[in-house]
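Below is one structure, written out as structure tokens; comments come after it.
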């Protein structure tokens, strides 16, 4: 486990692929090296921005191993392990441990959405937390899971000795404030919403895992550092500058937009894995315009 507490700034790394859809080690590790240079506190592998639903279990193991090679022992390596099956989710926690991960991020099962009642979710997450050799983080991602973890659910799961936190990517500050009521020394709440980082930190969030930091890392680091130093006005100005990069790129386009942005800022993006298509010419033009407005590309 890292010496630092769960928090700070982390990035949900993009999974890089060759033209034939195989993993691209050189591209992936080149990006990780860049993020380390930006001063990140950790990396998430196989999150939503990493096209987790399109990765098989061997892909996940390989990407974690490659990320671990580029990170120091005091940096977090989070593994996205969520599956529709409790059994497979638990299996992935063991794979992640063997590959060098320090904690597991678990999104809710959602294929059988109407049956994912609170009792069903509690049974699933408890079983995973009981069996996982890694500490567990809950993952609230309504845009992809199509359900919202309730504050009562979060409070209940926060009592589990192997659940150390959550990532909340909804960007709903009133609900986040209720999640924060469960926060304490043992359980930390991280925001995953790039458009509301400063309000989340002001409310008490312990840190952030942000897709915008994949293609605007130094600016995001500057914003968080300004807030931590007490320069809330300066951080708010930077938040306004960064918000369109969250809503119009990662939020609206997902991995295709993220990868277009990576290519434009000189990192390694490439195409997403099938069935996702690369960003269209019109979408790339939007990505370029947002990056230029934010001062990340020559005007």
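Each reported figure results from applying straightforward, stated rules to the coordinates on display, with no laboratory input. Not measured: the values here are computed from a predicted model. When we count neighbours, we look across all protein chains shown, and the Cβ atoms used for this are built from the backbone with ideal geometry, even at glycine.
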Burial ordering of 210, 134, fewest other beta-carbon atoms within 10 Å first: 134, 210
Packing-based exposure ordering (other Cβ within 10 Å, fewest first) of 116, 157: 116, 157
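For a quick protection proxy, order the peptides 215-221, 199-205 by their average other-Cβ count within 10 Å, most packed first.
Details: 215-221: 22.6, 199-205: 18.6.
Result, highest mean Cβ count within 10 Å first: 215-221, 199-205.
Mind ordering 274-286, 24-36 by average Cβ neighbours within 10 Å, highest first? Write down the numbers at each step before the final one.
Working: 274-286: 13.4, 24-36: 17.8.
My ranking of the peptides, most packed first, is 24-36, 274-286.
Sorted by packing (mean other beta-carbon atoms within 10 Å per residue), highest first, where do 41-48, 10-17, 266-273 land? Each step should come with its number before you reach the end.
Values: 41-48: 27.4, 10-17: 25.8, 266-273: 18.8.
Highest mean packing first, the order is 41-48, 10-17, 266-273.
For the chain, compute Rh as the Kirkwood radius over C-alpha pairs and then the Stokes-Einstein diffusion coefficient at 25 °C and 0.890 mPa s; write the answer in µm²/s, rounded to an integer. Could the numbers behind the result be given before it?
Details: Rh = 19.0 Å.
Diffusion coefficient, whole number: 129 µm²/s.
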Over the chain, relative contact order from alpha-carbon pairs under 8 Å, at least 6 apart, %: 18 percent
Cα centroid of the range 247-274 to Cα centroid of the range 93-131, whole Å: 27 Å
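Rank these for me by crowding, 223, 253, going from fewest to most other beta carbons within 10 Å. Spell out each step's value before the answer.
On the way: 223 29, 253 19.
Fewest to most other Cβ atoms nearby, the residues stand as 253, 223.
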The range 5-62 and the range 68-86: distance between their alpha carbon centers, rounded to Å: 9 Å
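Can you give the % of DSSP beta bridges in the range 8-231 that are antiparallel, to the nearest 5? Each step should come with its number before you reach the end.
Numbers: 2 of 30 bridges.
The antiparallel proportion sits near 5 percent.
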Mean Cα-pair separation over length for the range 118-275, i.e. relative contact order, pairs under 8 Å, 6 or more apart, %: 15 percent
